[in-house]
C-alpha cells in the first residue's frame, strides 16, 4: 500500500505573526517576572529605617550616661534635619530608658540638639557633621549618623552596611570626651572602632 506523502504545512502570514507576538509576549512576561515588584525599593528603605530605629534603642541601652545629668526628666532621642524614619521611630516613645520615659524631639538646629541625650543625623557632609559636633562639644550627647565616615568626622556612632547587613562603627574617643561609657558588649559587636589607640583600630 502506497503511503501518502503529506505536503509541508505553511501557515498563513497572519498566523505566523500571531505566533511571533505570542513568543515575544512570553519573553516579556518572563522579564517582568524577574523584576522587583513596584515599590520594592521603597519597602526596603522603610525596612532599613525600622532596623535603624531598633538599633537606636538598643544602643541607648548599652551606653551609660553620667549619673544625675538628666535628673528625672525624659530621655530625649532626637532627629536633626530630614526625618527618614516615618512611623518607625514613634514606637520608641512608648519605651523607657531605665526609669525615664523616652521622648522624641526634632530640633531645627545643631544648637537646639543640646537638649538631647541622643541625636541622629541621617545625612549631611563634613560641614553639617562639623556643626553638630562643635555644638555638642564635651556635652553628654551621643551622636549617631547615617553618612559615610561619620565616626571619622567626629561622630560617635555611625551606621554602615556590610555584606547586606546593617552594622555600626564607634568612635571611642568621641564617647570618652562626652563622658559616655559604652558597654563591652556594644564595642564587641561594632564593625570598626575608632580612637582606641590600639593596633587594628583606626
With respect to residue 201, is the statement that it is modelled with pLDDT under 95, more than 18 Å from the chain's Cα centre (by Cα) and either farther than 20 Å from residue 64 by Cα or exposed (fewer than 15 other Cβ atoms within 10 Å of the Cβ) (or both) true?
-> yes
Quick check: anything in the range 141-164 surrounded by 22 or more Cβ atoms within 10 Å (Cβ to Cβ), within 21 Å of the chain's Cα centre (by Cα) and over 17 Å from residue 193 (Cα atoms)?
-> yes
For the range 90-104, name all the residues that are in contact with a strand residue (DSSP E or B) (Cβ under 9 Å, 6 or more places away or on another chain) and in a loop (DSSP other than H, G, I, E, B).
-> 95, 98
Can you tell me which residues in the range 76-96 are under 18 Å from residue 157 (Cα atoms) and in contact with a helix residue (DSSP H, G or I) (Cβ under 8 Å, 6 or more places away or on another chain)?
-> 76, 77, 78, 80, 81, 84, 85, 89
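The values are calculated or read from the model by the stated rules, or taken from the named source; none is laboratory data. The structure presented is a predicted model; accordingly, all values stated were derived computationally and were not measured. Note that we place each Cβ from the backbone using ideal geometry, even for glycine, and neighbour counts take in every protein chain shown.
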